[in-house]
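Here's the structure we're looking at; comments come further down.
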Amino acid sequence: MRGIVLFVAGMLAGGFAVSAAVGQNHSSSPNHGIVGLNHVAISVPDLEKAVDFYTKTMGFPEAFRVKNAKGELQLVYVQISKGTFIELLPASVQRPPGLNHFGLYVDNMADATAMFKARGANVGPIITTSPTKAVLSNILDLNGNRIELAELPPQSLHHQAMDRWQP
């Protein structure tokens, strides 16, 4: 668990640094339309214990929960800062414990997927019916790691949580 926490902390620090650099010099960035790192997703053996750890021990407020059609808890987001989250997912045979993916916030999904496809990235289809109401697509890197692209319209649970954020 310590390794996961250190990894997440490193990802977040790197994401903030990249976001700040892009914000300061947006015109020179080759990644137009990438707002920044939005979340890191971690599969956990006990979802409620993980939520308890991240909310009570780490002090990150719970942003939202999503249940599947059967009413089972599918995921929980905890909020680190206005636009940065940790997504907690229940581990399973298909989803072993550990890092599951990281998510990038994009301004426009069609533009972002076209940009990455033009560069030769393995980009999946655009999904407009996610349970969080975000517009999603996925990229697999050379090692099979998943990078989730997320456009966050006002009705998305992410956007709503960002609007509620109180520092």
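Rule-based calculations on the coordinates, nothing more; no lab input. Since the model is a prediction, treat every value here as computed from it, not as a measurement. Please note: Cβ atoms are built from the backbone with ideal geometry, for glycine as well, and neighbour counts cover all protein chains shown.
Descriptive notes on the structure:
- For peptides 82-91, 125-134, 138-147, sequence by mean Cβ density within 10 Å, most packed first: 82-91, 125-134, 138-147
- Difference of contour (0.36 nm per residue) and Cα-Cα distance, N108 to V66: 12.7 nm
- Full-stretch length increase - S92, E48 - with 0.36 nm per residue and alpha-carbon distance subtracted: 14.4 nm
- Distance between modelled label sites at Q74 and R146, nm, 7 Å Cα→Cβ extension: 1.2
- Dipole of the range 39-167 computed with +1 at Lys/Arg Cβ and -1 at Asp/Glu Cβ about the Cα centre; of G103, G144, I86, farthest Cα towards the positive end is G144.
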